[in-house]
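Each reported figure results from applying straightforward, stated rules to the coordinates on display, with no laboratory input. These numbers come from a predicted model, not from an experiment. Neighbour counts run over all protein chains shown; Cβ positions are idealised from the backbone, glycine included.
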Amino acid sequence: MRRGIIAPVTRPSAPAHHLRDLARLRRVRDRIDREYAKPLNVEELAGGVHMSAGHLSREFKLAFGESPYSYLMTRRIERAMALLRRGDLSVTEICFMVGCSSLGTFSTRFAELVGVPPGVYRREAARATKGMPACVARQVTRPVRMKSVRNEEAAATEPSLG
């Protein structure tokens, strides 16, 4: 290098940067899968992978089709469904076991994702999956995203990316 000339600073190529972001997003998703019952928030998750909360939320939604919070609640509801099928715990106990701090929020989100309130699900699922191996019952009863008024309102206010 010649004296007096500053070498150009290079940034990683866009594909390399994108791959690094995807790896960090997978780490966030894996952490949510592992620690769903712990109190988690987007700021803490973002800090763990050295991203801003806003950037993490945007990139997570682009990569996985839902926000980190929505993904977390889906994991919690899936676990709650398994516990409800067992039938030996109350809805309130299950709510707190899966990491929710509000029975009302838990019940509302459960009904949005599953289509029925937790108590109704427990009664129906216990009968429907009786004698079925747990791995099969989990696959058959996986929650399906139900459209809700709140989701439709949010979609109406979000700018179109296309």
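Given R₀ = 22 Å, what would the calculated FRET efficiency be for ALA53 paired with ALA82, taking r from the Cβ atoms and rounding to 0.05?
0.15
Provide the three semi-axes, in whole Å and in decreasing order, of the ellipsoid equivalent to the stretch 73-146 as defined by the square roots of 5 times the Cα gyration tensor eigenvalues. Intermediate values should be presented prior to the final figure.
Values: eigenvalues 67, 34, 23 Å².
Taking √(5λ) for each Cα gyration eigenvalue gives 18, 13, 11 Å.
If R0 is 41 Å, what FRET efficiency do you get for HIS18 and SER102 from their C-beta distance, rounded to 0.05? Walk me through the intermediate numbers first.
Numbers: r = 37 Å, r/R0 = 0.90.
After rounding to 0.05, the efficiency reads 0.65.
Using Cβ counts within 10 Å as a stand-in for footprinting exposure, how do MET81, MET97 rank, fewest first?
MET97, MET81
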